[in-house]
1. Are there any helices (runs of 4 or more DSSP H) wholly within the range 50-126 with 2 or more residues that are closer than 18 Å to residue 35 by Cβ and touching a helix residue (DSSP H, G or I) at 6+ places or on another chain (Cβ under 7 Å), and if so which?
2. Look at the range 84-122 and say how many of its residues are in contact with a strand residue (DSSP E or B) (Cβ under 9 Å, 6 or more places away or on another chain), farther than 20 Å from residue 72 by Cα and exposed (fewer than 12 other Cβ atoms within 10 Å of the Cβ).
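Since every read-out is calculated from the coordinates, none of them should be taken as a lab result. No experiment lies behind these values; they were computed from the predicted model shown. Neighbour counts run over all protein chains shown; Cβ positions are idealised from the backbone, glycine included.
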């Protein structure tokens, strides 16, 4: 890289990767996602609790978790605007927009109070 070029932001790289892959992402990770289902079942979210998913991607996991724990509020963070577009569509399609909030951000440099106004969560999963 020459000194006149600026480095590409990580978010832009992820958008490039997921611009098209997001449409087949869940299908191509069938066996990996089976483990995610067990993880969600074991979250044991308290009544009225809050749950954060870091790297919420297509929204598949946060939708399943929100269905399983109907009295909880869910928050998802992802660096890719492309993935968040897919996730927001899934959340709206499932009628969960009143309990699930998503934000764009980098999990490696994340202050939960900034996008969500919450200092802590009852459960966090990746």
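1. So the answer is 60-68.
2. 1
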